[in-house]
Amino acid sequence: QLQLVESGGSLVQPGGSLRLSCAASGFTLARYAVTWFRQAPGKERERVSCIGTGGALIIYPDSVEGRFTISRDNDKNTVYLHMNSMKPEDTAVYYCAATFLAYVCMSHSMKYDYWGQGTQVTVSS
């Protein structure tokens with residue numbers, strides 16, 4: 001089976017940290033760029049971060065720059081999203097998506113071949 005599975009979402013207090021995982025089954029994730037998205041209630045889905053097959057990464061929104069980062073562990077066939085100094089505004093369902101043979105992440109016209117099911121992140125006291 002070809003699938004992506006996100007995990008690691010939970011309830012966390014403001015100022016806390018969380019690491020999300022995006023694990024591939026049935027294909028080699030090192031051959032794909034991986035993008036993290038999130039969707040909060042009542043808001044449209046937005047890109048959070050992306051890492052290309054060449055290792056270059058992008059942090060998209062100013063609201064998470066300096067707090068979030070993305071990394072890849074090819075031995076584990078997994079991409080991570082590291083979230084620090086979390087805020088209630090970070091509450092959302094987080095998704096990962098894979099793009100075949102994208103050496104760098106593109107700002108537009110980027111296709112997503114596989115999507116995960118999402119993992120819930122809630123930041124609250």
Review point. Roughly speaking, to the nearest percent, how much of region 9-125's 1.4 Å accessible area is carbon and sulfur?
Key: 48 percent
Practice item. Place the peptides 30-36, 57-63, 18-24 in order of packing, highest mean first, counting for every residue the other Cβ atoms within 10 Å and averaging per peptide. Key: 30-36, 18-24, 57-63
**Study point:** Cα-centre dipole for region 35-125 with unit charges at Cβ (Lys and Arg positive, Asp and Glu negative), debye to 20
**Key:** 80 debye
Study note, to complete from the structure: accessible surface per residue for the chain, probe 1.4 Å, DNA/RNA/ligands not counted, whole Å² -> 53 Å²
**Study point:** Long-range tail of P(r) for region 24-125 (Cα pairs > 19 Å, %)
**Key:** 39 percent
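The values are calculated or read from the model by the stated rules, or taken from the named source; none is laboratory data. Small disclaimer: the values here were computed from a predicted structure and weren't measured. Ideal geometry is used to build each Cβ from the backbone, glycine not excepted, and the neighbour counts take in all protein chains shown. Only protein heavy atoms, including side chains, enter the accessible area calculation; ligands, DNA and RNA are left aside. Shrake-Rupley method; radii C 1.70, N 1.55, O 1.52, S 1.80 Å.
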